[in-house]
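**Q** Below is a structure I'd like to ask you about.
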Amino acid sequence: MRIKKIYEIISAGNPRKLVRPTVCAVISNLLNIIPFCFLGLAVFSIYTFYAGETVNFPVTRLWTLWAGMLAAVVVMFIGQVIAYRTAYRGAYMASAEGRANLAEHLRKLPLSYFLHKDSGEVGETMMGSFDMIEQAASGILPQLLAGIISPVFAFLGFLFFDWRMALAMFISMPVAFLLIWAVSGWEKRLGHNTYNARVAAGNNTQEYLDGMKVIKAYNLRGENFSRLKNSFITLMKANIKQEGGLGPIYLIAVAIIKAGISLMTVMGIYLLLGGAFSVPFFVVFLLVGNHVFEPLSAAIIRLPEFRFDLIGGKKILELLSEPMMEGVNVPPKNRHDIAFEHVGFAYGDTDVLKDVSLELKQGELTAIVGPSGGGKSTILRLAARFYDPQKGRVTFGGVDEATLEPEKLMRRISMVFQDVYLFEDTIEANIRYGRESATKEEIITAAKEARCHDFIMKLPNGYDTMVGEGGSTLSGGEKQRLSIARALLKNAPVVFLDEATASLDPENEWEVQQAIGRLVKGRTVVMIAHRLKTVVKADKIIVLEDGRMVQQGTHDELLKTNGLYAHLWELQQQTVGWKITG
């Protein structure tokens, strides 16, 4: 993984954002040395008096040095505050911007990506990985860079006074860094194991929460949910192995670095005994030198954490490298027919559509029916270009959809799904998703046409009523009618209906059918249905089986052929009026 790319992730694509926090941290660390320089000068002044080199006790000079030390402490405090605020504010801003950029990138990925990608892992990348990068950018990287740069400045300064003392102080640093480099491969493996264990634990926790109804229904207790418990144990072991294995090594590295003080002390005593060095300079070296390594030691202790945080950066880079759906052409304005030409599509190794050629004519209602698993929903998803076919092509108005800009294509299409998802927002906001520029009056008109205005007005706050996550506070029929209102507001010329009434009771089904009647009027409509009674008036019915189109025609024409459609129709007619007896 290239460091430059990690910098781009940490700074939301602008590495220059790291310059200011790093410079502030370096200045802050250098300012921290100044009070000890004043202290060294004070020791030097006192020593020269008691050594008989000066006649009068340097009271004035000591008060001056004390004032300078006090001023240096104030400046040091101000520098630390500025460095702290610069680092954290920049990191949080970069993280927020990075999350927004990643969310926009995800929106432009083909839907097929999410079918084979664990949603928990994507969520962990969106939140957890950016938390890791945020922490690296704010609390570790500036201090780490400053911790390395500050000793370099100190080394150059000490060279000015005595190269032997400077060399003795810093000669142990390469050994420490060599040790850190030697364990980097092992550290990387431990970090990836810990990250994967964290993702697995998060996924199992989400599964546990999503399946709470089943857990309660079958009296499953938390400790009996073995996958969840085992994932927690695996995460615990990974954390212990990472912390317990790496911690002592980095403590040894810090000890080696601080051994420079001992080496410097030995060298200083040797020089003192040889008369090549004075006691005051020796004391100054000890006071200042002891403080030089503190920022670096603190940063090295957090280096494993920084390296682990970079794994989050790598995950973000991997997600950002996923190819977005391309296309630059604009769909034709006055042509809305859709055609499949020898289309083949598979989910992984499972073929779903096999050499399918069909036409969804403009201005007509086309129904798609057939046994479950035949590829009906895949037809709609390909037509809406949620993903592209692996074989053949899909055209919109005669233009290959693979060349169309996905967002401009979706402006021409409204979709009503069987499983309606409403966002945790107001009723009005959920309808407005159909067209963000819509007025309140237009939203109300769409709601009335979708036959949901009356039940909305019965809610505590009308259109301002908050909807629970996913629409949990509303019934299935109410959610379905809101989704139709949203589609009506969009006013797209093409409408896709994916089992819009399959799971509704008779009363709600009638209401939704009335709303759908308003939605499809004058539009190109493609609908999937299991209940064949809902498609008898369709202009064309397409029958799919095992990924192939086996029949097409009107209801009456298909009944006469005595094929699959006639067989399904007969089965459904036989079930009418069934009763459970016992």
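**Q** What are the ³J(HN,Hα) values, in whole Hz, obtained from phi via the Karplus relation 6.51 cos²θ - 1.76 cosθ + 1.60 with θ = phi - 60°, for each residue of region 441-453 in sequence order, with x given for Gly and Pro?
**A** Calculated HN-Hα couplings, in order: 5, 5, 5, 5, 4, 5, 5, 5, 5, 8, 6, 10, 4 Hz.
**Q** Which is farthest toward the positive dipole end of the chain among Phe38, Leu251, Phe153, measuring Cα position about the Cα centre, with Cβ charges +1 (Lys, Arg) and -1 (Asp, Glu)?
**A** My answer, from the dipole projection, is Phe38.
**Q** So, one more: Using only the alpha-carbon atoms, how far is helix 59-107 inclined from the longest principal axis of the chain? Give it as 0 to 90 degrees, nearest 10.
**A** Around 20 degrees separate the two axes.
**Q** In addition: Quote the FRET efficiency, to the nearest 0.05, computed for Val399 versus Phe114 with a Förster distance R0 of 30 Å and r equal to the Cβ-Cβ distance.
**A** Here the calculated transfer efficiency is 0.70.
**Q** Assuming 0.36 nm per residue, please report the length gained on full extension of the stretch Lys229 to Asn101 beyond their Cα-Cα distance.
**A** Between Lys229 and Asn101, full extension yields 42.6 nm more.
**Q** Under 4 °C and 1.567 mPa s, how fast does region 146-268 diffuse according to Stokes-Einstein, given a Kirkwood radius computed over C-alpha pairs? Answer in µm²/s, whole number.
**A** Diffusion coefficient, whole number: 71 µm²/s.
**Q** Give me the angle, in degrees from 0 to 90, between the Cα long axis of helix 506-520 and the longest principal axis of the Cα atoms of the chain, rounded to the nearest 10.
**A** Tilt relative to the chain: about 90 degrees.
**Q** May I ask you to give the percent of accessible area on region 121-195 that is carbon plus sulfur, with a probe radius of 1.4 Å?
**A** 75
**Q** Answer rounded, prolate or oblate for region 227-285, using the Cα gyration tensor with square roots of eigenvalues a ≥ b ≥ c: rounded when a/c is under 1.5, else prolate when a/b is larger than b/c, else oblate.
**A** Prolate shape, in that a/c is at least 1.5 and a/b is the bigger ratio.
**Q** Tell me, what ³J(HN,Hα) does each residue in region 147-162 have, in order and in whole Hz, if you take phi through Karplus 6.51 cos²θ - 1.76 cosθ + 1.60 with θ = phi - 60° and put x for Gly and Pro?
**A** Karplus-based 3J(HN,Hα) across region 147-162 equals x, 7, 5, 4, x, 4, 4, 5, 4, 5, x, 5, 4, 5, 8, 6 Hz.
**Q** Follow-up question, since we're still on this one. Once you order the gyration tensor axes a ≥ b ≥ c over the Cα atoms, which shape class does region 404-482 get: rounded for a/c under 1.5, otherwise prolate or oblate by comparing a/b with b/c?
**A** Verdict is prolate for region 404-482.
**Q** Can you tell me the order of 243-253, 356-366 when each peptide is scored by its average per-residue count of other Cβ atoms within 10 angstrom, highest first?
**A** Packing proxy ranking, top to bottom: 356-366, 243-253.
**Q** What is the log10 of I(q)/I(0) for the chain, computed with the Debye formula using one identical point scatterer on each Cα and no solvent, at q = 0.11 Å⁻¹?
**A** -1.11
**Q** Here's a follow-up. Rounded to the nearest 10 Å², what accessible area does Leu263 have for a 1.4 Å probe in the complete protein model?
**A** Accessible surface of Leu263 is approximately 80 Å².
**Q** Assuming a ≥ b ≥ c are the square roots of the Cα gyration tensor eigenvalues, decide whether region 237-368 counts as rounded (a/c under 1.5), prolate (otherwise, with a/b larger than b/c) or oblate.
**A** Judged from the Cα gyration tensor, region 237-368 comes out prolate (a/c at least 1.5, a/b above b/c).
**Q** What do you get for the angle between helix 279-301 and the principal long axis of the chain? Use alpha-carbon atoms, 0 to 90 degrees, nearest ten.
**A** 10
**Q** Taking R0 as 51 Å, what's the FRET efficiency between Lys408 and Leu273 from their Cβ-Cβ distance, rounded to 0.05?
**A** 0.05
**Q** What value, in deg cm²/dmol to 500, does the helix sum -39500 (n - 2.57) over DSSP H runs of n ≥ 4 give at 222 nm once divided by the residues of the chain?
**A** -19500 deg cm²/dmol
**Q** Mind checking the log10 I(q)/I(0) for region 291-355 at q = 0.14, 0.22, 0.24, 0.29 Å⁻¹? Debye, one equal scatterer per Cα, no solvent, two decimals.
**A** -0.78, -1.02, -1.05, -1.13
**Q** Taking a probe of 1.4 angstrom, what is the accessible area of Leu287 in Å², to the nearest 10?
**A** Solvent-accessible area, nearest 10 Å²: 50 Å².
The values are calculated or read from the model by the stated rules, or taken from the named source; none is laboratory data. Fair warning: this is a prediction, and the values are worked out from it, not measured in the lab. So basically every Cβ, Gly included, is an ideal-geometry build from the backbone, and we count neighbours across all protein chains shown. Surface areas here come from the heavy atoms of the whole protein model, side chains and all, with no ligands, DNA or RNA. Shrake-Rupley method; radii C 1.70, N 1.55, O 1.52, S 1.80 Å.
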